[in-house]
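Presented below is the structure to which this report refers.
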Amino acid sequence: MSAAPMRIELANPEATALFAEDVSLALKPGDCLCLSGDLGAGKSTFARALIRAIADDPELEAPSPTFTLVQSYQLRLPVAHMDLYRIGSPDELDELGLDDALGEGVALIEWPEKALELLPENRVMMRFDGIKDSRTVTLSGPDAFLSRLERSRAARAFLEKHRSAPVIRRHLQGDASTRTYETIRPEGQEPLILMNAARQPDGPPVRDGLSYSQIAHLAEDVVPFVAIARWLRAQGFAAPEILAEDLDQGFLLIENLGSDGILDAEGKPDPDRYGVAIDCLAMLHGKPLPGALPVGGGLHHVPAYDARAMQIEVELLTDWYLPFKRGTPVPDSERQEYLDLWRQLFADLQTAEKSLVLRDYHSPNLIWRDDRTGSDRLGIIDFQDAMIGPSAYDVASLCQDARVTVDQELAGQLLDRYVMARHAGNPDFDEAGFRQAYAIMAAQRAAKILGIFVRLKQRDGKPGYLRHLPRIEAYMSASLEHPALQPLRFWFAKAGIGKSES
């Protein structure tokens, strides 16, 4: 438990509702909020506002559980709202299903004093005091929760600084990273997006005194996102406009490009939309390389996608994926043979055409804007890890979409369309060199993603990514068919990794 409780003053019911929003965006499964205070102190008012914020429904019926003892809500974060005032014995708590509730969601418990000794040790205690409309809330709990809440309240302060009136904050599904996103709804205006990306400390050194993120050139703050977004917009692409920024804290208020993607109604690649996406890549790869980009009074130098970065990414396959498939670690000799093969392939890329590599140019990060024309029809997000590297990488990222199967026929059509566009813009375009670089980068990306998706399951407790493995395995098999990758194809055959259905 934290040694320093937080005290929060709420001047009126509206402030209580905003505070409930802030708390809702700090919650994670397993959080147990214990609400105490006298009758009429505002516990139920806070709980109702919190449930409605999680549900994104201001009219949701959220009755007091005084008589039912528990009210359950199956929301994006399941909530169990409990009232222990009428229980006869603390042992009755087991019958209310608290452990099950905390296993998948959060619990709000009024009158926790009735069974305090049986509540989780990592509970959050929230005491409400006050008269009439004003309230004082005193919180104590695990440092991890209080840090999350402080971060959420800092986001509120950032929004209040840059918006003239209070806004509605709602959770927005994020990605596999540590960044979080919110939909921000100013009254009477179009929704905006809040990016919440606190600076990430370097992890432990893994090689040459550098962390994995330093070697792989992963963004550690929001500076690269701001710099790349403004450069893309200046080149005529539909990256989000940065409306407000706090580079030190890692808060950005950005344009909402929309919610329609490039998949069809059945969740499959829409050939026309993928075609526009490949056209945008051809346009991007015809642009001069970005130099030092001004941002926040300084300059952002886009890092190089060098052989060291590529190699540490392919090592994820032997560090995570292959041991997961086999159930045993990869022998050193086998691992060394694998890395030697990649070193030769990376050497072959030295003469490949270089461009800005957005790094995650695939369906989750591409927004379809049907009311626009040209390149403006495609909104582009999630490019903070951009580097200068082989232009073939992003083409492979799109044609071998990690989240949805792009069949080989469509992938071939997209590749031909890209090559045709590049020839039209540059008669000296090296098609053979590009296709070889495409095969290498497609295989490199597949090796990285296979390792990342297993790591997300085993290290981060996110098993849902494993459903994508058969697709990525099939992409890998297709890429290994290129003659330049024949030695690597033989290694995969010896490793027992064959073709898989998509």
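The values are calculated or read from the model by the stated rules, or taken from the named source; none is laboratory data. From a predicted model like this one, the values you see are computed outputs, not experimental measurements. Because the Cβ atoms are built from the backbone with ideal geometry, glycine has one as well, and the counts that use them run over all protein chains shown. Note: accessible area is taken over every heavy atom of the protein model, side chains too, but ligands, DNA and RNA are not part of it. Shrake-Rupley method; radii C 1.70, N 1.55, O 1.52, S 1.80 Å.
Just the number, please: carbon plus sulfur as a percent of the accessible area of region 255-406, 1.4 Å probe, no ligands or DNA/RNA counted.
50
Under a Cβ-Cβ cut-off of 11 Å, what is the net charge of the residues other than GLN311 that fall near it, where Lys and Arg count +1 and Asp and Glu count -1?
Value of the local net charge: 0.
Under 27 Å Cα to Cα from LYS325, which lysines show up? Leave out anything in the same chain fewer than 8 places away.
Excluding near neighbours in sequence, the set is LYS448, LYS457, LYS462, LYS494, LYS499.
Could you tell me which of GLN408, GLY40, VAL330 has its Cα farthest along the dipole of the chain towards the positive end, charges placed at Cβ (Lys, Arg +1; Asp, Glu -1), taken about the Cα centre?
It is VAL330.
Give me the accessible area per residue for region 1-63, probe 1.4 Å, as a whole number in Å².
Spelled out: the 1.4 Å probe surface of region 1-63, per residue, equals 44 Å².
Nearest 500 deg cm²/dmol is fine: what mean residue ellipticity at 222 nm does the chain get from its DSSP H runs of n ≥ 4 alone, each adding -39,500 (n - 2.57), divided by its residue count?
Rounded to the nearest 500, the figure is -12000 deg cm²/dmol.
Let me spell out the model: positive unit charges on the Cβ of Lys and Arg, negative unit charges on the Cβ of Asp and Glu, origin at the Cα centre of region 287-370. What dipole size does that give, in debye rounded to 20?
My answer is approximately 300 debye.
When a/c reaches 1.5 or more, the comparison of a/b and b/c decides; with that in mind, is region 76-225 rounded, prolate or oblate per its Cα gyration tensor?
The shape class here is oblate.
Leaving out ligands, DNA and RNA, and with a 1.4 Å probe, what % of the accessible surface on region 1-155 is carbon or sulfur?
49
Could you check the simple spin-label distance between ASP100 and ARG76, using points 7 Å along Cα→Cβ, in nm with one decimal?
2.6
Would you mind computing the Rg to Rh ratio of region 209-283 from its alpha-carbon coordinates, Kirkwood style for Rh?
A ratio of 1.07.
Accessible area per residue, 1.4 Å probe, Å², for region 80-199: what's the number?
51
Sort out for me the Cα centre separation of region 236-270 from region 390-430, rounded to whole Å.
23
As I understand it, the dipole of the chain uses +1 on the Cβ of Lys and Arg and -1 on the Cβ of Asp and Glu, about the Cα centre. Which of VAL106, GLY496, ALA239 lies farthest toward its positive end?
GLY496
In debye to the nearest 20, how big a dipole does the chain give about its Cα centre with +1 on each Lys and Arg Cβ and -1 on each Asp and Glu Cβ?
Charge dipole of the chain: 680 debye, to the nearest 20.
Say each of ARG467 and ASP260 gets a label point 7 Å from the Cα, pointing the same way as Cα to Cβ; how far apart are those two points in nm?
2.5
What percent of all Cα-Cα pairs in the chain falls in each 20 Å bin, counting up from 0?
21, 47, 28, 5, 0
Which lysines, if any, have their Cα less than 25 Å from the Cα of LYS114, not counting same-chain residues under 8 positions apart?
LYS28, LYS43
Share of Cα-Cα pairs in region 266-359 beyond 18 Å, in percent?
Roughly 67 percent, rounded to a whole number.
Sticking to Cα atoms, compute the Rg of region 403-492 to one decimal and its Dmax as the biggest Cα-Cα distance, whole number, in Å.
So, for region 403-492, Rg and Dmax equal 15.5, 50 Å respectively.
Using label points projected 7 Å from each Cα along Cα→Cβ, tell me how many nm separate ALA11 and SER147, to one decimal.
3.2
Can you tell me the FRET efficiency between GLU160 and ARG233 if r is taken as the Cβ-Cβ distance and R0 is 35 Å, rounded to the nearest 0.05?
Rounded to the nearest 0.05, the efficiency is 0.85.
For region 1-86, state the semi-axes of the equivalent ellipsoid (square roots of 5 times the eigenvalues of the alpha-carbon gyration tensor), sorted largest first and rounded to whole angstrom.
19, 16, 15
Round to a whole number: what % of the accessible area of region 414-497 belongs to carbon and sulfur, probe 1.4 Å?
With neighbouring chains kept in place, the figure for region 414-497 is 55 percent.
With the cut-off at 1.5 for a/c, could you classify region 348-405 from its C-alpha gyration tensor as rounded, prolate or oblate?
Verdict is prolate for region 348-405.
Per Stokes-Einstein, at 25 °C and 0.890 mPa s, what whole-number D in µm² s⁻¹ belongs to region 168-227, with the Kirkwood radius over Cα pairs as the hydrodynamic radius?
180
What's the extension gain from ARG372 to GLU481 if we count 0.36 nm per residue and subtract their Cα-Cα distance?
35.4 nm
Among HIS162, THR68, GLY141, which residue has its Cα furthest toward the positive end of the charge dipole of region 67-162, with +1 on Lys/Arg Cβ and -1 on Asp/Glu Cβ?
HIS162
Which loop-located chymotrypsin sites (Phe, Trp or Tyr not before Pro) does region 7-76 contain, where loop means any DSSP state but H, G, I, E or B and the Cβ has at most 15 other Cβ atoms within 10 Å?
Taking region 7-76 and a limit of 15 other Cβ atoms within 10 Å, the loop chymotrypsin sites (Phe, Trp or Tyr not before Pro) found are PHE67.
Radius of gyration and Dmax for region 348-502's Cα atoms, expressed in Å?
Just the Cα atoms of region 348-502 yield Rg and Dmax of 16.2, 51 Å.
Whole number in Å², please: accessible area per residue of region 418-502, 1.4 Å probe, ligands, DNA and RNA not counted.
Heavy-atom SASA per residue in region 418-502 reads 46 Å².
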